[in-house]
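Heads up, the thing below is written out as structure tokens.
Each reported figure results from applying straightforward, stated rules to the coordinates on display, with no laboratory input. Keep in mind the model is a prediction, meaning the values are calculated, not measured. Don't worry about glycine lacking a Cβ; one is built from the backbone with ideal geometry, like all the others, and counts go over all protein chains shown.
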Amino acid sequence: MPTGLYLILASVSLIAGIWTDIGSLMIAAFLVPTTLLFHPFWTVSDPAARRTQVSGFYRNLTLIGAALALFALFAAAGHVPFAVTGPALNLR
């Protein structure tokens, strides 16, 4: 599945309220390898380039945390008022 389509499906899931927990997990699952592959600051020796890579790495790490927090919210809260469907996974 192309990456763009994968991200569009995850975004539509969150925006439309259709299995929002799965959509947030899809975004987190996309960001983990993306962060490791595109921001390998541990391999960069130039200090300026290293700072840029560290900044991108921590930005993506923050987005992973936000996506996982959304997953926990949607999966634990059950059906939220704006959602079309309830969560696919239940953490209660």
field: Some residue of region 76-87 being out of contact with any Asp or Glu (no Cβ under 7 Å at 6 or more places or on another chain) and part of a helix (DSSP H, G or I)
entry: yes
- prompt: Does at least one position in region 56-65 carry a residue that is over 16 Å from Leu25 (Cα atoms), hydrophobic (A, V, I, L, M, F, W, C) and loosely packed, with under 13 Cβ neighbours inside 10 Å?
  reply: no
message: Residues that are surrounded by 17 or more Cβ atoms within 10 Å (Cβ to Cβ), under 23 Å from Gly86 (Cα atoms) and in contact (Cβ under 8 Å) with a residue 60 or more places away in the chain: does region 1-10 have at least one?
response: no
statement: When Thr85 is run through (1) in contact with a Leu (Cβ under 7 Å, 6 or more places away or on another chain); (2) in contact (Cβ under 8 Å) with a residue 40 or more places away in the chain; (3) surrounded by fewer than 18 Cβ atoms within 10 Å (Cβ to Cβ), the failure sits at (1)
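To keep it simple, each residue is scored yes or no on (1) closer than 23 Å to Leu70 by Cα; (2) surrounded by fewer than 17 Cβ atoms within 10 Å (Cβ to Cβ); (3) under 14 Å from the mean Cα position of the chain (by Cα).
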position	(1), (2), (3)
Ser13	yes, no, yes
Thr34	yes, yes, yes
Leu37	no, yes, no
Val54	no, yes, no
